[in-house]
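The values are calculated or read from the model by the stated rules, or taken from the named source; none is laboratory data. Please read these numbers as outputs of a predicted model, since none were measured by experiment. Positions of Cβ are backbone-derived with ideal geometry, glycine not excepted, and every protein chain shown enters the neighbour counts.
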Amino acid sequence: MPEQKTLELVQSYTRVRLALGFLGLALPVILLVGGIFDEPRPGQRGVEPTISDFYHTTYRDIFVGSLCAIGVFLISYRGYPRERGEWINDDWLATIAGLAAFGLAFFPNEGGGDAVVSMSQRMVGADKAPVLHYSFALVFFLSLAGFCFFKFAKTGTDWRRRIYIACGWGILVALALTAVAVVFKRFIGGPIGAFVVENSLIFYLEALGVWAFAVSWIVKSQAEQALAERLRKRWAKKTPSSE
């Protein structure tokens, strides 16, 4: 029946969104706790300067695995068809974000120095991999902000729309501040650059962006769950009782 198929579709999207949200919430927390209690690398203390720097630690598997899982969920997410006036549908936007997540996972930043530690670095060079890493990061976060502004915020209650928009701005602000901090870390240096590195400022800015993305998808999953409940009740009323 059409109602049953719609209900199954909504439930499927709910699970995917919830999984993405929990992965986004968990990744910075796991790395943060690991950085606090694990023995730091030479020249570092405590938490790594950035989330991406954990690629060069014993937490590489968690970093790469989590991003790959996020990428798989995003690529498999079809969403809803494009409506009139929309510039891109859910499927394409999620696929772009998913591919960018894989790029983030497999092209490391410059945290490992000039040493070639991955196949991707061997393919493009240790000096080119960070450029691709930051390019994929830009695409990833902009795509997720696009979901908040142009997809999620077009439906739902007023308070949910405000959360989506706030999360979208949170992603953009975190992205902009991260870019500024990266410039000081890599190119300007000095006391500000040292402050950025020693206090893991980029890590916390990136974590804020990831958490904003996670919150938006969890809130959307709850909205879809409420819709699923309404559809289930409506379908139950239309279905004759077996008794």
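Among the residues of the range 187-223, just one is among the polar types (S, T, N, Q) and modelled with pLDDT of 95 or more, namely S216.
Identify, please: which residue in the range 102-140 is of a type in the set (A, V, I, L, M) and not in a helix (DSSP H, G or I) and is, among those, nearest to C68 (Cα to Cα)? Filtering first and then ranking leaves V117. Inspect all residues belonging to the range 150-159 and state whether any of them is under 19 Å from L23 (Cα atoms) and either modelled with pLDDT of 95 or more or among the polar types (S, T, N, Q) (or both). No, the range 150-159 has no match at all.
Within the set G98, G112, the sole residue that is out of contact with any Pro (no Cβ under 8 Å at 6 or more places or on another chain), small (G, A, S), crowded, with 19+ Cβ neighbours inside 10 Å and modelled with pLDDT of 90 or more turns out to be G98.
Residues in the range 166-223 that are among the polar types (S, T, N, Q) and surrounded by fewer than 22 Cβ atoms within 10 Å (Cβ to Cβ): N199, S221, Q222.
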